[in-house]
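Enquirer: For reference, the structure I am asking about is given below.
FYI, it's all coordinate maths here, none of it is from the lab. Quick caveat: nothing in here was measured; it's all calculated off a predicted structure. Here the Cβ is made from the backbone with ideal geometry for all residues, glycine too, and neighbour counts use every protein chain on show.
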């Protein structure tokens, strides 16, 4: 990730519209229609501090011939590496169209109190960290960017990026060889590392906003990477704290104390952080933060701990079982393993989840600490 990540995001949208052979979107769509049962998506995402351009081949029918599948692979290669026209420029009409569309997307983000303030919170918590950058970029960046700049950035990205093939399903030997050969000259550099982060004094930022409700964004850090022995326990801890229907945060802060209208938590991929977002009344800010801290520690004192643990395991394992019908989720799991060079396989990860003890879940709480509190004071408090 860097300040030009938005350029790759914008370029991928333009690239998906046409190729040198199929220069109009309707021509390209017609070709895909002829490849019935085969689809192609090009998606740019954040994975921790890394920028990923995912080329997703959806092969819905195993009966589809290998020859037909290679037509899909070929058009993807043309999109990625040959889709630019003369002098490295995208078709100007498509560039202007997607540039305007991206500006509208930024406007929508700025008009959404949670999304926009979360981005500002990210820029506060990760002021010196590339994790802060948005895929959308800033309005100023998008307005001022040129076709040449976007093309140059995209070309550099696709020609220097590491290629990581991840397959799930039945493939012919020729298909496997094709994907392996794509990546053989670009080996995956090691990302299995954890940069030690010193525990600093909690940073608290408060600002006024024009919305009625007050929003609180809390950023926690932890030191549990994907190869850490407590990584499966971290996933269960997160379920118990914030994801189960009767999670600790929801039941104690919203249902029992009525201290928030809304509360949720998330563990982003590829980054050792945990986020909590809550909508509160500003007058309750102090007591909310106090009770939130107690709730985060209360996992050590839960009475129905084995019930919580069993529910958390069942939720994770049920989701994993569902990946058979939604293979993209399985592919995302396999991709994360490959990128982080974690030691898990699908089966060993399931077994690790099943074996987690309550003591390990409780131990996770000692590896998580509050780093940043970002409060957006709403109008109703004035």
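Enquirer: Using a Gaussian network for the chain with springs between C-alpha atoms less than 10 Å apart, which of these wobbles most: 51, 236, 38?
Expert: 38
Enquirer: Specify the angular offset, from 0 to 90 degrees and rounded to the nearest 10, of the alpha carbon long axis of helix 113-125 from the longest principal axis of the alpha carbons in the chain.
Expert: 80 degrees
Enquirer: Sticking with this structure for a sec: Compute the distribution of all C-alpha to C-alpha distances in segment 36-180, in bins of 5 Å from 0, and list the percent of pairs in each, rounded to whole numbers.
Expert: 2, 7, 13, 17, 17, 15, 12, 10, 5, 2, 0
Enquirer: At a 10 angstrom cut-off on C-beta neighbours, averaged per residue, how do the peptides 224-232, 24-32 rank from highest to lowest?
Expert: Ranked by mean Cβ neighbours within 10 Å, highest first: 224-232, 24-32.
Enquirer: Between residue 105 and residue 56, what length comes free when the chain is fully extended (0.36 nm per residue of separation minus the Cα-Cα distance, one decimal in nm)?
Expert: 15.3 nm
Enquirer: How far, in degrees from 0 to 90, does helix 327-340 lean away from the longest principal axis of the Cα atoms of the chain, to the nearest 10?
Expert: In the chain, helix 327-340 runs at an angle near 80 degrees to the longest axis.
Enquirer: Further question: Whole Å is fine, so just give me how far the alpha carbon centre of segment 74-120 lies from that of segment 1-56.
Expert: About 10 Å separates the Cα centre of segment 74-120 from the one of segment 1-56.
Enquirer: For the chain, what is the calculated [θ] at 222 nm in deg cm²/dmol (nearest 500), taking -39500 (n - 2.57) for each run of four or more DSSP H residues and dividing by its residue count?
Expert: Calculated at 222 nm, the ellipticity per residue is -14000 deg cm²/dmol.
Enquirer: I'd like to compare 299-309, 353-363: which one has the highest average count of other Cβ atoms within 10 Å, and what's the full order after that?
Expert: Per-residue Cβ counts within 10 Å, averaged per peptide and sorted highest first, yield 353-363, 299-309.
Enquirer: Shifting gears a bit: With the Cα gyration tensor of segment 104-178 in hand, convert its eigenvalues to equivalent ellipsoid semi-axes via √(5λ) and list them largest first in whole Å.
Expert: 34, 19, 14
Enquirer: Any idea what % of Cα-Cα pairs in segment 111-250 are farther than 21 Å?
Expert: Tail of P(r) above 21 Å: 70 percent of Cα pairs.
Enquirer: What's the Kirkwood radius of the chain in Å, using all Cα pairs?
Expert: That comes to 23.3 Å for the chain.
Enquirer: Two decimals is fine: what is log10 I(q)/I(0) at q = 0.25 Å⁻¹ for segment 214-274, from a Debye sum with one equal scatterer on every Cα and no solvent?
Expert: The calculated log intensity ratios at q = 0.25 Å⁻¹ are -1.07.
Enquirer: A further question on this structure: Mind jotting down the distance between the C-alpha centroids of segment 318-352 and segment 247-267, whole Å?
Expert: About 29 Å separates the Cα centre of segment 247-267 from the one of segment 318-352.
Enquirer: Counting just the Cα atoms, what span does segment 1-107 cover along each of its three principal axes? Round to the nearest Å and put the largest first.
Expert: Principal-axis extents of segment 1-107 (Cα, largest first): 43, 33, 26 Å.
Enquirer: Work out how much length residue 159 to residue 27 would gain on full extension: take 0.36 nm times their residue separation and subtract the Cα-Cα distance, in nm to one decimal.
Expert: Contour length minus Cα-Cα distance gives 44.9 nm.
Enquirer: Taking every eigenvalue of the Cα gyration tensor of segment 326-375, multiplying by 5 and rooting it, what semi-axes result, largest first, whole Å?
Expert: Square roots of five times the eigenvalues give 26, 19, 11 Å.
Enquirer: Could you sort the peptides 321-329, 276-284 by per-residue average Cβ neighbour count (10 Å cutoff), highest mean leading?
Expert: 276-284, 321-329
Enquirer: What's the extension gain from residue 208 to residue 345 if we count 0.36 nm per residue and subtract their Cα-Cα distance?
Expert: Fully extending the segment from residue 208 to residue 345 adds 44.6 nm.
Enquirer: Now, a different point. Dividing the Cα radius of gyration by the Kirkwood radius, what Rg/Rh value follows for segment 227-382?
Expert: Rg/Rh for segment 227-382 comes to 1.00.
Enquirer: When a/c is below 1.5 the answer is rounded, else prolate if a/b is larger than b/c, else oblate, so apply that to segment 1-64 with a ≥ b ≥ c taken from the square roots of the Cα gyration tensor eigenvalues.
Expert: oblate
Enquirer: Can you give the angle from 0 to 90° between the axis of helix 285-297 and the longest principal axis of the chain, with both taken from C-alpha atoms, to the nearest 10?
Expert: 80 degrees
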